[in-house]
Amino acid sequence: MNTQIIKEFEINQSIAKVWKSLADPADVVTCVPGASITEKVDDKNYKGAVVTNFGPIKAAYAGDIEIVELDEANYNMVLKGRGLDSKGKGSADMLMNGELKEEGGQTQVKFTMDITI
């Protein structure tokens, strides 16, 4: 199953302040319901877990997160994740693209996640 999730929102803060928070995995994971970082492997690789619902189905995954790109000059980021179901019945892959833009003193945030389960 493939799905795409797009989230767009405004934050009433400078783009530099928003970038600092969103580019820090330990900070941003607190904004993702059901997600946690379980280990920092190095500056670009982490181990984590996520529990989520897909309609009536509850799934728990443990896996790896890689920071593919953190382009502070253009305020773009790309993350890849791969997880295995805790019951060993499947896997999930995620590619997330994030971009920030400053407009009128506010920061526009857009995340696009392509998820394959």
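The number of residues in region 29-68 being in contact with a strand residue (DSSP E or B) (Cβ under 9 Å, 6 or more places away or on another chain), within 13 Å of Ala92 (Cβ to Cβ) and aliphatic (A, V, I, L, M) comes to 8. Can you tell me which residue within region 14-46, out of those that are touching a Gly at 6+ places or on another chain (Cβ under 7 Å) and part of a strand (DSSP E or B), is farthest from Gly105 (Cα to Cα)? Per the criteria, the residue is Thr38. Residue count for region 1-13, restricted to those that are open to solvent by 100 Å² or more (accessible area, probe 1.4 Å) and part of a loop (DSSP other than H, G, I, E, B): 2. Can we say Leu22 is without any contact (Cβ under 8 Å) to a residue 60 or more places away in the chain and surrounded by 15 or more Cβ atoms within 10 Å (Cβ to Cβ)? In short, no. Scanning region 98-117 for residues that are hydroxyl-bearing (Ser, Thr, Tyr) and at pLDDT below 90 turns up just one, Thr116. When each of Lys80, Lys58 is tested for being within 20 Å of Thr3 (Cβ to Cβ), free of Cβ contacts under 8 Å to residues at least 12 places away in the same chain and not β-branched (Val, Ile, Thr), the lone residue that passes is Lys58. Answer yes or no as to whether Ala35 is touching a residue at least 40 places away in the same chain (Cβ under 8 Å) and surrounded by 15 or more Cβ atoms within 10 Å (Cβ to Cβ). For Ala35, the condition - touching a residue at least 40 places away in the same chain (Cβ under 8 Å) and surrounded by 15 or more Cβ atoms within 10 Å (Cβ to Cβ) - is not met. Restricting attention to region 63-97, the residues being in contact with a Phe, Trp or Tyr (Cβ under 6 Å, 6 or more places away or on another chain) and at pLDDT 95 or above number 1.
The values are calculated or read from the model by the stated rules, or taken from the named source; none is laboratory data. This structure is a prediction, so every number in the text was calculated from the model and none was measured. Note: ideal-geometry Cβ built from the backbone for every residue, glycine included; neighbour counts use all protein chains shown. Heads up: the accessible areas ignore ligands, DNA and RNA and are worked out on the full protein's heavy atoms, side chains in. Shrake-Rupley method; radii C 1.70, N 1.55, O 1.52, S 1.80 Å.
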